[in-house]
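Chemist: Below are the C-alpha cells for one structure; questions will follow.
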Amino acid sequence: MSTRNEIELHGHRVCFRLEGEGPVVVLIHGITGRSEQWEPAMDHLAAEHTVLAPDLLGHGESAKPRGDYSLGAYASAVRDIMVALGHDSATIVGHSLGGGIAMQFAYQFPERTERLVLVSSGGLGRDVHLLLRAASLPGSDIVLPALTSQRLVELGRGLGGLLGRIGLHPSADIAVLARGFAELDNAGSRQAFLATLRAVVEPGGQKVSANSRLALAASLPSLIVWGENDSIIPVKHGAAAHEAMPGSRFVVFEGAGHMPQEDQPHHFAAVVGEFCDATEPARLTRNHWQPLLEGKS
C-alpha cells in the first residue's frame, strides 16, 4: 500500500504517493483527479518499480494557489517533484488531462522521459464530454458552486442508478464526472479547475492538440491505453494517435470506460509492466528535438 507524503515546492504544499523499488514510473492523474485513483494499479506496479503519483497543484491534497495551470506549468511541476525526490528520469504515464501533461513533459524534458504511456488521453482531438465543454463557458464560475454541491452530486449518482434499474444504462463515466465535480467543494478547487479546464477546453471542444507533433515520438517507446466505452474522450482518438506514432502500442480495454486503470487495475498494471519489461528506456538528450525541428523549418 502506498503512503501519502508531502513536500514544499516553490512555497506550495505538494502531496504524493510513493511505493515500491526499481525503475521509476510516474503516474499523472486527470482534471479533478487525485493520486489515490491510481492506488489499485500502484500496488501491482510497485512489485518491480518505484511508483510515484502526485496530486497536481489545484487537485487532491496539494495546494490550490492562483497561478499558471497550463500544460507547460504542470509538466514543469512534475519535473520539479521528480528532481526533489532524487529521480532523474522515468516512464511517464498520464491519464486524460494527465496524458496531455505527459506529452508536454516528453516535449519539454526528453532527457527525463524513458517511455510514454497515454491513458484515455486529452490533447489528441476535439471531442470531449458535453459537461466539460459547458463548464468552460463564460459565467460558469457563477453556477459552479451550485453544480458541485454535495446534494446535487449525490442526486446525479442516484439518477444514474435509478435509470439502470428501469432498463436505461447511462455511461458509467457519469459517475466519474460526478465524483470529479464533488472534488470542487471549495473556492480554491473551483478556481483551479476553471483555470485548468479553460487552458485546454473551450465550448466547441478541446482546443489544445499534440497531433502535429506525434511523429516526433518515434524515438520514444510509447503505449496508448483506452477504455472501449469511454464517453468522455472517444477511443477513436487513441486509434488515430497510434497510427501517427511510429512504433507505438495500442491496447483497448474491453468493457472499460474513461478510467481503465480503475475499471481493470490488475490488467492495467500488467499491460504497463509488460510494456516496460519489453522495451528499453529511451536515453534522449535535452536538445533531442532540435535537429528534427530544424528539418521542418
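Chemist: Which ³J(HN,Hα) values, rounded to whole Hz and listed in residue order, are derived for the range 121-131 from phi using the Karplus coefficients 6.51, -1.76 and 1.60 in 6.51 cos²θ - 1.76 cosθ + 1.60 with θ = phi - 60°, glycine and proline given as x?
Modeler: With coefficients 6.51, -1.76 and 1.60, one gets 7, x, x, 10, x, 7, 4, 7, 4, 4, 4 Hz.
Chemist: Right, here's the next one. What area, in nm² and to one decimal, does the C-alpha convex hull of the range 205-297 cast on average over all directions?
Modeler: 7.3 nm²
Chemist: Moving on. Note down the net charge around ARG198, summing +1 for each Lys or Arg and -1 for each Asp or Glu among other residues with Cβ under 13 Å from its Cβ.
Modeler: Cβ neighbours under 13 Å give a net charge of 0.
Chemist: Which whole-number value in Å² is the accessible area per residue of the range 256-297, probe 1.4 Å?
Modeler: Details: 2420 Å² over 42 residues.
Computed with neighbouring chains in place, this is 58 Å² per residue.
Chemist: Ignoring ligands, DNA and RNA, what percent of the 1.4 Å accessible area of the range 188-265 is carbon and sulfur?
Modeler: Details: 1530 of 2950 Å².
Exposed carbon and sulfur together represent 52 percent of the surface.
Chemist: Over the Cα atoms of the range 92-131, how large are the radius of gyration and the largest Cα-Cα distance (Dmax), in Å?
Modeler: Cα only, the range 92-131: 10.8, 37 Å (Rg, Dmax).
Chemist: What is the Å³ per residue value for the convex hull set by the Cα atoms of the range 17-58?
Modeler: Hull volume over Cα atoms, normalised by residue count, gives 51 Å³.
Chemist: I've got another one for you. Tell me the net charge near ARG286. Cut-off is 11 Å between Cβ atoms, ARG286 excluded, with +1 for each Lys or Arg and -1 for each Asp or Glu.
Modeler: Taking every Cβ under 11 Å from that of ARG286, the sum is 0.
Chemist: Can you give the accessible area of TYR69, probe radius 1.4 Å, in Å² rounded to 10?
Modeler: Accessible area of TYR69: about 10 Å².
Chemist: Subtract the Cα-Cα distance of GLU36 and VAL208 from 0.36 nm times their separation in residues, and report this length gain in nm to one decimal. Could the numbers behind the result be given before it?
Modeler: Details: separation 172, 0.36 × 172 = 61.92 nm, distance 2.67 nm.
Taking 0.36 nm per residue and subtracting the Cα distance, the gain is 59.2 nm.
Chemist: Ignoring ligands, DNA and RNA, what percent of the accessible area of the range 5-123 is carbon or sulfur (1.4 Å)?
Modeler: It is 45 percent, rounded to a whole number.
Chemist: So what are the ³J(HN,Hα) numbers for the range 36-41, from phi and the Karplus equation (6.51, -1.76, 1.60; θ = phi - 60°), rounded to whole Hz, Gly and Pro as x?
Modeler: Couplings: 5, 4, 8, 4, x, 6 Hz.
Chemist: Oh, and also: For the chain, set up a Gaussian network in which alpha carbons nearer than 10 Å are linked by springs, and say which option among SER212, SER248, SER136 fluctuates the most.
Modeler: Result for the chain, Cα springs under 10 Å: SER212 fluctuates most.
Chemist: Per residue of the chain, what 222 nm ellipticity follows from adding -39500 (n - 2.57) for every DSSP H run with n ≥ 4, rounded to the nearest 500?
Modeler: Here the helix-only value at 222 nm equals -12000 deg cm²/dmol.
Chemist: Quick one: Cα convex hull volume of the chain, Å³ per residue?
Modeler: Measuring per residue, one finds 132 Å³ for the Cα hull of the chain.
Chemist: Which helices, taking whole DSSP H runs in the chain, have alpha carbons extending 18 angstrom or more along the helix axis plus mean Kyte-Doolittle at least 0.5? Present the calculation step by step, with values, prior to reporting the outcome.
Modeler: Details: long enough: 71-84 (20 Å, 1.09); 150-165 (23 Å, 0.04); 187-200 (20 Å, 0.53); 265-278 (19 Å, 0.46).
Passing helices, by number: 71-84, 187-200.
Chemist: If you don't mind, another one. Using only alpha carbons, build the gyration tensor for the range 1-152 and give me the equivalent ellipsoid semi-axes, biggest first, whole Å.
Modeler: One finds semi-axes of 26, 17, 16 Å for the range 1-152.
The values are calculated or read from the model by the stated rules, or taken from the named source; none is laboratory data. All of these numbers come straight from a predicted model, not from anything done at the bench. We place every Cβ from the backbone using ideal geometry, glycine too, and count neighbours over all the protein chains shown. Heads up: the accessible areas ignore ligands, DNA and RNA and are worked out on the full protein's heavy atoms, side chains in. Shrake-Rupley method; radii C 1.70, N 1.55, O 1.52, S 1.80 Å.
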